[in-house]
Amino acid sequence: MARKTKDMSIRRMLIISFVVIAFTLMSLLTGLWIYTEITRTNREKDMVIETTLAKQKDKLKERVENVLALIRTMRIECDEQPVELIQESILQWLASLRFEYGGYYFVNKPDGTALVFDGERVDGQMNILDMKDPNGKRLFDIEIEAYLSDNGRFMTYLFKRINTDNPEPKISYMKGFRDWNWIIGAGNYVEDYSAEIDRMNSELRQNLRSKILRIGGVFIFFSILLVLFAHFGANLINNQIRKLNKYLKLLLNNSEEATKENYLVKEFNTFADTFSSLISGKNQAEMELAEALKKAEQSANLKTAFVNNISHEVRTPLNAIVGFSNLLFENDLDPEKKKQYIEIINESADHLLNMLNEILYISKHESSDGILLTLSEFALPDLLMDVRNLFDPQCLLKGINIISIENPESTENMLVTDRGKLLQIMNSLVSNAIKFTHTGRIKIGFEMSSQACLFFVDDSGIGIPEEEHEKIFDRFYQVDHSLQKNYRGVGLGLNITRKLVEMLGGKIWVKSKPGEGSTFYFTIPLKDLPDIEN
Ligand code: ADP
């Protein structure tokens, strides 16, 4: 079974990939940050015990030093008092003092006599050396060391609390005061620090918690920023793709609105250019194909039209020729009739010849792409005279005049073009003018301007309705004159004439009103004879 593929918009895809990558990176960074904070806190926790102990040691030392300083001061301040009194009051005072973590002072003599022991004044009642407790003895050894040197000593040992029998870890500091033969010490219990250590540890934990919370806050803040940024980025790219898509669609539809924009993504620009050149190539090919198709259709149409229009047109004069030439064989034909029949045969043959010439010309023009022009420079009055000479007899027969309008003062009457084709154009227009004019005159002439020579063939004939002015130049088109008279013709003359004018680089048009005659105008652009290469 074919697996169904889910399609996803590029915008969604971009957002998802960006968010996934960014979240992974951020999670890694945040994890690393939290890990560093936890290790730091653990390190600090380990140090808490050490620093607390060090702090307590400092305090114990300070207490002993303070007592020594006080003794020295009292000795000076109370020098009139007996020394035993001062000593006693100091010992009493020290025995009464208690400080943090079960702390109290003790005073011994170097011979082991205890003066203050377990926070009590014990003069002469006990000797440390008599004690069985090995810690007490070890302590005394250190006391002697401290007494003998000028510096104090610390000692960590197990010692029972006042009023208890359980030995517990204790730290003491002791220093000798040799003037009075005293060793003064202060100590307290390490167990009691653990509350302090716990407090500091929980402070550290609290700190870590709030730091993690803050890191979480930063993570959330950056996550929101990232999502917004991903949206913004994806929208930007999406818009670019949409614009590109619209442009490509317009290009495909050959719309004039297709304008290429400058896309942010470089590859989009390259893609748009490649697509555009592809489309223009395709359009060019399509245009060429359409042109070829049009030509093929025209040629096919021409053939169909030939069969439809011409077969009838050809048959009429041919029937006349065959019919009237048979009649010529009749023996008792009077000369007048005979002349009339011959005229009809002649006229029909002329018509047939004209028609065949026109059809042959059109077919030749269809099949060959370029017809070569034979350029020459010649005088226009001579050309007009040739036209007049050709049509004078016909006009004479119809009782109309053919006049050529020339400006005798104008010296600009030379033209460079294909004379034969120009004559063909004039002949075709004049022959139409004669055909459609029954009384009056036909004027032919030209006017020179700086750009072109404007020719005209003006008649006083039946005229052409306005709506037919364009159509008469189409192939096989004839104005319906059936109400007035049936004019001979195929409707190809003006089409050929227009082709010839265009071939010479000009334009042709007509001005006419029914009953008021017609004027056909056409232009031939002025040009110089090309240089003939040796
Ligand atoms: P044809 O003359 O063989 O019918 P043309 O192409 O020469 O074909 O002319 C097309 C049509 O234009 C003619 O049938 C006629 O109706 C109209 N026409 C052309 N010349 C004139 C003119 N001088 N006066 C009136 N009608 C004209």
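The figures follow:
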| read-out | value |
| --- | --- |
| Cleavage-rule hits, chymotrypsin sites (Phe, Trp or Tyr not before Pro), segment 438-482, DSSP coil, Cβ neighbours within 10 Å at most 11 | none |
| Restricting segment 140-181 to trypsin sites (Lys or Arg not before Pro) in coil, as DSSP defines it, with at most 14 other Cβ within 10 Å | R178 |
| Selected from G440, S96, I345, residue furthest toward positive end of dipole (the chain; charges at beta carbon) | S96 |
| Those lysines that a straight Cα-Cα span of less than 25 Å connects to K160, excepting residues fewer than 8 apart in one chain | K55, K57, K59, K61, K109, K132, K137, K170, K175 |
| Dipole magnitude (debye, nearest 20) for the chain, charges at Cβ of Lys, Arg, Asp, Glu | 1640 debye |
| Selected from N151, L70, L129, residue furthest toward positive end of dipole (segment 50-193; charges at beta carbon) | N151 |
| Interchain or long-range residues, amide H under 5 Å from T113's placed H | I128 |
| Summed residue charge, Cβ within 13 Å of I212's Cβ, Lys/Arg positive, Asp/Glu negative | +4 |
| For L526, residues with placed amide H under 5 Å, excluding near neighbours | A452, C453 |
| Cα-based reach from K435 at 16 Å (exclusive), listing lysines while leaving out same-chain residues under 8 positions away | K398, K443, K485 |
| Eligible lysines near K295 by straight Cα distance, threshold 17 Å, same-chain separation 8 or greater | K303, K364, K499 |
| Net charge contributed by nearby residues that have their C-beta within less than 12 Å of Q87 (K/R +1, D/E -1) | -1 |
| For the chain, the longest site-free run once GluC sites (Glu not before Pro) in DSSP loop states with at most 14 other Cβ atoms within 10 Å are removed | 101-255 |
| Placed amide H near S404: partners under 5 Å, 5+ positions off or other chain | I444 |
| Which of M26, Q206, N301, positive extreme of dipole for the chain (C-beta unit charges) | Q206 |
| Segment 1-157: relative contact order in percent, alpha carbon pairs under 8 Å with at least 6 residues between | 10 percent |
| N331-L213 pseudo-label distance in nm [points 7 Å out on the Cα-to-Cβ vector] | 14.5 nm |
| Around D459: net Lys/Arg minus Asp/Glu count, Cβ-Cβ under 11 Å | +1 |
| Taking the chain and dividing mean pair separation by its residue count, relative contact order in percent (alpha carbons under 8 Å, at least six apart) | 9 percent |
| Relative contact order of segment 131-263, pairs being alpha-carbon contacts under 8 Å that are 6 or more residues apart, as % | 12 percent |
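Since every read-out is calculated from the coordinates, none of them should be taken as a lab result. Just so it is clear, the structure is predicted and the values come from calculations on it, not from any experiment. For neighbour counting, all protein chains shown are included, and Cβ atoms are generated from backbone atoms with ideal geometry for every residue, glycine included.
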